[in-house]
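Asker: Handing you this structure, nothing more for now.
The values are calculated or read from the model by the stated rules, or taken from the named source; none is laboratory data. Computed from a predicted structure; not experimentally measured. Here the Cβ positions follow ideal geometry from the backbone for every residue, glycine too, while neighbour counts run over all protein chains shown.
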Amino acid sequence: MSVFPTVLRWLARLSALLIAGGYVYLVAGEMLAPHSAPPTKLIEWTGIALLTATCLGMLLAWRWELPGAMLSLGSLIAFSLLIKMGHHTVLFVFALPGTLFLVDWLIRNVSLMSHKS
């Protein structure tokens, strides 16, 4: 078996840890020492919930690649449709682990199907 799927899986895992850890760090920092007023509108709470679901999906993908990647990417798509942002680079960074997990799952399952045939 090629080393590429293993490297891809670990890239996905490490990027998920880095991004989810950074998100937790920012949210915890804002809760402990707020720089602004807490969210008051439903759309703000929805955005926080969707980004949290995105990060949870990244972490679930360590064990279940496809469901975790789908939760992560689906939540991020919902976030991007609901919340209007000026800088989409953040969305691409948040999409990286889910995309890598999805590609990892596809590579592993396509190779399994070809071996069964």
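Asker: Can you name the residue in the range 40-56 that is at pLDDT 90 or above and under 11 Å from residue 82 (Cα atoms) and is also surrounded by the fewest Cβ atoms within 10 Å (Cβ to Cβ) among such residues?
Answerer: 43
Asker: Given the criteria more than 10 Å from the chain's Cα centre (by Cα) and modelled with pLDDT of 95 or more, does residue 21 qualify?
Answerer: Judged against the criteria, residue 21 is a match.
Asker: Let me ask something additional. Yes or no: the range 24-36 includes at least one residue that is polar (S, T, N, Q), assigned to a helix (DSSP H, G or I) and over 11 Å from the mean Cα position of the chain (by Cα).
Answerer: no
Asker: Out of curiosity, is residue 99 within 10 Å of the chain's Cα centre (by Cα), of a type in the set (Val, Ile, Thr) and within 22 Å of residue 3 (Cβ to Cβ)?
Answerer: yes
Results for (1) without any contact (Cβ under 8 Å) to a residue 24 or more places away in the chain; (2) more than 17 Å from residue 17 (Cα to Cα), shown as yes or no for each residue.
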site: 64; (1), (2): yes, no
site: 80; (1), (2): yes, yes
site: 85; (1), (2): yes, yes
site: 93; (1), (2): no, no
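Asker: Confirm whether residue 69 is farther than 22 Å from residue 106 by Cβ and not hydroxyl-bearing (Ser, Thr, Tyr).
Answerer: no
Asker: Considering only the range 15-39, how many residues are over 17 Å from residue 90 (Cα atoms) and surrounded by 11 or more Cβ atoms within 10 Å (Cβ to Cβ)?
Answerer: Residues meeting the conditions: 3.
Asker: For residues that are closer than 18 Å to residue 45 by Cβ and more than 11 Å from the chain's Cα centre (by Cα), scanning just the range 58-94, find the one that is surrounded by the most Cβ atoms within 10 Å (Cβ to Cβ).
Answerer: 79
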